Every structure is written in structure tokens, then in C-alpha cells.
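K.L.:
Before we start, here is the structure in question, set down as C-alpha cells.
The values are calculated or read from the model by the stated rules, or taken from the named source; none is laboratory data. Quick caveat: nothing in here was measured; it's all calculated off a predicted structure. Here Cβ is always computed from backbone atoms with ideal geometry, including for glycine, and neighbour counts include all displayed protein chains. Just the protein is used for accessible areas: all its heavy atoms, side chains included, with ligands, DNA and RNA removed. Shrake-Rupley method; radii C 1.70, N 1.55, O 1.52, S 1.80 Å.
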Amino acid sequence: MPLRLPSTIALQCLEASERLGSFTRAAKALNLTQGAISRQVIGLEQRLGAQLLERRRESLVATPAGQAYLAEVRPLLLRLERATTDIALHQGRGGRLQLSAPASFCNYWLAPRLSGFVNAHPHITLDLSTYLGPVDFTASRIDAAIMVVGAPVPGLHAIPVLDLTVRPYASPALATRWSGNDFATVLRQAPPELTLIHNSSLPGAWALWLRQAAGADEVLPELHAGPSYDLLSMSLHAAIAGIGVALLPAFMVRAALDAGQLVALSDIESATGRSYQLCYPEHSAGLPALAQFSEWL
């Protein structure tokens, strides 16, 4: 005989108790009594024949069995909550899409274009968040993410959005130092006044640009000097401030070029081997809101 599935109340009590670290805080979050929370968790443990939570130093923590169980249960609860909310609010005509994207791409490429999607799909609510590092689709409410990838990500569907190509930019004051000179030649000479700005999401980008611009295969020690930033937008503002020369994609610099804050030091645009792609797990593949956003994108 198959094991009868536990109630969603019991699963919610377990999830909230582990996440908040106590039955008391879980009871407040779920609007139940502490005793009701405790009874639900104990009943679930008895049904499964395994201890899921244990108390350590006045805090509840998951046992190994509890961790494994919650890793499967938590994303199901999140999906059930979202599906229930969507059908209640939109009656199947749209829904809510939880999208994550790199901050620089979101601010300089996606957000200025979003009015087109919002106007065309008024029944879809698009929630945007940003991230650093890998996106965890199992432990969050994120349905899909625009990611900078260089190779297919195992277990995810991926739709190409935009190739990530870059060229060097500097403030007008810095640019005048090398006006009339081929910047690839300047870079190989590595003058002491030249500061290169690096980005942690694009390792080796300067060597790739130099190889594209001048056919130089050697990695110059000077290419590793200079500050490094996590976000491309940080590199953009550092270049505007005259801190150094930054490799940036064209979509980020248009306003700065028009305002005279930046100058392109070369017409050569280099591929980084990476691209922006819309990635999503299998359990998001059937979302109507994601299908409409993907088509628009």
C-alpha cells in the first residue's frame, strides 16, 4: 500500500520550524499555537518513522533526514503557494513571474525595455530581483533567471538573449593621454599611468581583448594590475570617475557616451565567450507567464 501523503499543514509547520529555528516563531508566522505546531511536526515524524528536527542550544535544527526531506518539500511548497495565489488573483489569465537577473543587465538593458512587456501583458506581474553567484532554484521562489554563462548549465533550459561583448572605455581626461594611438599598442607597452579596471564576472577579459585587437597571445603581467569589482556597473562608474580604463558592453555606456562622460578607446569589440541567457528549471517550463516573457524577450 502506498504511504498516505502528509497534510500541507504538517509540511508547513515543519518548514517554518526549521527555517525560523523554533516552534514559537513558527506558530507566530503561521497563526497557530505553539502546541499545534509541535503536534504537527511530531505526528509527521511518527508517520515517516524518522526524526526530522532536534533541539540544540535553544534552537531547532534539521537532522540529516530532515535536511534531505526539506530539500524536496520546500520547493514544492513554494510552487504550491505561488500556483494558488496566481489562480486566485488572475483566474488563469496571467500570473506572477519571479525573475532574477544580474544587477547591471537589469538596470541598463532590461528595465528600460520592460514597459513594452508590461503594456502587452497586463495580466502578468513580473517580480525582479538581482543576485551574485549561482542561482538556487530549489530553495527560492525564483522561476527563471537571466544568467551570464559560457557553457550549458546542467539541468536547466536556456534561451540565448544577448552575447556579452566588450570594448575599452575611459573618461575624456584619461583618453587624451592616448589620443591618436592604437590602444592595443598602448596596452602592450603598459605605461605606468595606465590603470586597468577588472570585473570578477569576466576573468581574463583584458587578455581576450588584447588577443582580439592585436593578435597577442602572451599574457602580460601588467594585465593583472588594477582594481577589481563584482558588478559591471561598478566598473562603469569607476571609469567615469577617471579611476582607470574599463571593458564594458555597449548597452551600458550609451548614456555616458552621449553625456560626454566616457570615450571609446578602440573600435574593436571583443567576445568574452559568455552570453546572457534566460535559464529555468524543468518545473518552471510549463508556466504560461514564463512562456510569454520568453517570447517577448
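K.L.:
How about segment 37-57: which of its residues are small (Gly, Ala, Ser) and in contact with a helix residue (DSSP H, G or I) (Cβ under 7 Å, 6 or more places away or on another chain)? Break it down into steps so the answer makes sense when it comes.
P.N.:
Pass one, segment 37-57, residues small (Gly, Ala, Ser): 38, 43, 49-50.
Result: Ser38, Gly43, Ala50.
K.L.:
Right, Leu60: touching a helix residue (DSSP H, G or I) at 6+ places or on another chain (Cβ under 7 Å), more than 24 Å from Leu278 (Cβ to Cβ) and in a strand (DSSP E or B) or not? Break it down stepwise before answering.
P.N.:
Working: touching a helix residue (DSSP H, G or I) at 6+ places or on another chain (Cβ under 7 Å): yes; more than 24 Å from Leu278 (Cβ to Cβ): yes; in a strand (DSSP E or B): yes.
Against the criterion (touching a helix residue (DSSP H, G or I) at 6+ places or on another chain (Cβ under 7 Å), more than 24 Å from Leu278 (Cβ to Cβ) and in a strand (DSSP E or B)), Leu60 qualifies.
K.L.:
Test Tyr108 against the stated conditions and say whether it is of a type in the set (Phe, Trp, Tyr), open to solvent by less than 30 Å² (accessible area, probe 1.4 Å), modelled with pLDDT of 90 or more and closer than 19 Å to Leu248 by Cβ. Please lay out each step first, then the result.
P.N.:
Details: of a type in the set (Phe, Trp, Tyr): yes; open to solvent by less than 30 Å² (accessible area, probe 1.4 Å): no; modelled with pLDDT of 90 or more: yes; closer than 19 Å to Leu248 by Cβ: yes.
Criteria not met by Tyr108.
K.L.:
If you don't mind, another one. I need a count of the residues in segment 1-52 that are assigned to a helix (DSSP H, G or I) and open to solvent by 20 Å² or more (accessible area, probe 1.4 Å). Lay out the reasoning, then the answer.
P.N.:
First pass over segment 1-52, keeping only residues assigned to a helix (DSSP H, G or I): 8-20, 23-30, 34-48.
From the residues that got through so far, the ones that are open to solvent by 20 Å² or more (accessible area, probe 1.4 Å) too are 8-9, 11-12, 15, 18-20, 23-25, 28-30, 34-36, 38-40, 42-43, 45-48.
Going through segment 1-52 one residue at a time, the tally reaches 26.
K.L.:
Right, next: For segment 112-123, which positions are touching a residue at least 12 places away in the same chain (Cβ under 8 Å) and either over 14 Å from Val161 (Cβ atoms) or open to solvent by 20 Å² or more (accessible area, probe 1.4 Å) (or both)?
P.N.:
To start, the set of residues in segment 112-123 that are touching a residue at least 12 places away in the same chain (Cβ under 8 Å) comprises 114, 116-117, 120-123.
Within segment 112-123, Leu114, Gly116, Ala120, His121, Pro122, His123 meet the criteria.
K.L.:
Still on this structure, I have one more. Tell me the residue from Gly49, Gly43 that is within 19 Å of Ala65 (Cα to Cα), without any contact (Cβ under 8 Å) to a residue 24 or more places away in the chain and of a type outside the set (S, T, N, Q), please.
P.N.:
Residue meeting the stated conditions: Gly49.
K.L.:
Looking only at segment 131-150, count every residue that is at pLDDT 85 or above and open to solvent by 50 Å² or more (accessible area, probe 1.4 Å) and tell me the total. Let's see the steps before the verdict.
P.N.:
Of all residues in segment 131-150, those at pLDDT 85 or above come to 142-150.
Still in the list and also open to solvent by 50 Å² or more (accessible area, probe 1.4 Å): 150.
Result for segment 131-150: 1.
K.L.:
Between a first residue in segment 172-184 that is in contact (Cβ under 8 Å) with a residue 60 or more places away in the chain and a second residue that is surrounded by 18 or more Cβ atoms within 10 Å (Cβ to Cβ) and assigned to a helix (DSSP H, G or I), which pairs have beta carbons less than 8 Å apart while being 6 or more apart in sequence or on different chains?
P.N.:
Phe183/Ala213; Ala184/Leu210; Ala184/Ala213
K.L.:
Residues that are touching a helix residue (DSSP H, G or I) at 6+ places or on another chain (Cβ under 6 Å), in contact (Cβ under 8 Å) with a residue 40 or more places away in the chain, more than 19 Å from Ala207 (Cβ to Cβ) and open to solvent by less than 40 Å² (accessible area, probe 1.4 Å): does segment 237-244 have at least one?
P.N.:
Checking segment 237-244: at least one residue is touching a helix residue (DSSP H, G or I) at 6+ places or on another chain (Cβ under 6 Å), in contact (Cβ under 8 Å) with a residue 40 or more places away in the chain, more than 19 Å from Ala207 (Cβ to Cβ) and open to solvent by less than 40 Å² (accessible area, probe 1.4 Å).
K.L.:
Let me ask you something else. Filter segment 154-176 for residues that are within 17 Å of the chain's Cα centre (by Cα), β-branched (Val, Ile, Thr) and open to solvent by less than 50 Å² (accessible area, probe 1.4 Å) and give the result.
P.N.:
Taking segment 154-176 first, the residues within 17 Å of the chain's Cα centre (by Cα) are 154-164.
Now restrict to residues that are β-branched (Val, Ile, Thr): 159, 161.
Selection gives Val161 alone.
K.L.:
Out of the residues in segment 184-202 that are at pLDDT 85 or above and assigned to a loop (DSSP other than H, G, I, E, B), state the one that is surrounded by the fewest Cβ atoms within 10 Å (Cβ to Cβ).
P.N.:
Out of the qualifying residues, it is Ser200.
K.L.:
Please go through segment 254-278 and pick out each residue that is under 21 Å from the mean Cα position of the chain (by Cα) and either open to solvent by less than 10 Å² (accessible area, probe 1.4 Å) or more than 30 Å from Ile142 (Cα to Cα) (or both).
P.N.:
The answer is Tyr276, Leu278.
K.L.:
Starting from residues that are modelled with pLDDT of 90 or more and open to solvent by 30 Å² or more (accessible area, probe 1.4 Å), keep the ones in segment 54-97 and report whichever is farthest from Ser140 (Cα to Cα).
P.N.:
Among those that are modelled with pLDDT of 90 or more and open to solvent by 30 Å² or more (accessible area, probe 1.4 Å), it is Glu54.
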